[in-house]
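All remarks here apply to the structure that follows.
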Amino acid sequence: MNSSFNESTIDLTLSTTDLEMSFSDDAKVKHLLRAFYAALRVLCVPATSTPAERKFSKSGLLMTPHRSRLSTDTLSKLTFVKCNAALIS
């Protein structure tokens, strides 16, 4: 597999001295727990394709005969807003 991705370009190490200097122990734990739960939410892989199917369905509901001239970009943006409305408000 030829890839232009070079593993040495990304440094994923975490400097604990930086955290120790800027956070108390309680704040460190809260900060790391928040990061942990955010990573779980963002990085988890769904076991089914249901969320993707919902997004296609919402996109289909947006593309009505009255909106037949919507560009692909506009439809994509409307679908994004509709699917992420709970996160926005």
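Values quoted throughout were computed directly from the atomic coordinates according to the rules given, and no laboratory measurement underlies them. Keep in mind it's a predicted model, so treat the numbers as computed, not measured. All Cβ positions, glycine included, derive from the backbone under ideal geometry; neighbour counts span all protein chains shown.
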| query | Where Lys and Arg each count +1 and Asp and Glu each count -1, what net charge lies around Phe36 among other residues with Cβ under 14 Å from its Cβ? | reply | +4
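Between Asn84 and Ala47, what is the FRET efficiency for a Förster distance of 35 Å, r being their Cβ-Cβ separation, to the nearest 0.05?
Working: r = 21 Å, r/R0 = 0.61.
Computed FRET efficiency for Asn84 and Ala47 comes out at 0.95.
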| Ranked highest first by the average count of other Cβ atoms within 10 Å around their residues, in what order do 36-43, 52-59 fall? | 52-59, 36-43
| field | Long-range tail of P(r) for segment 42-85 (Cα pairs > 13 Å, %) | value | 59 percent
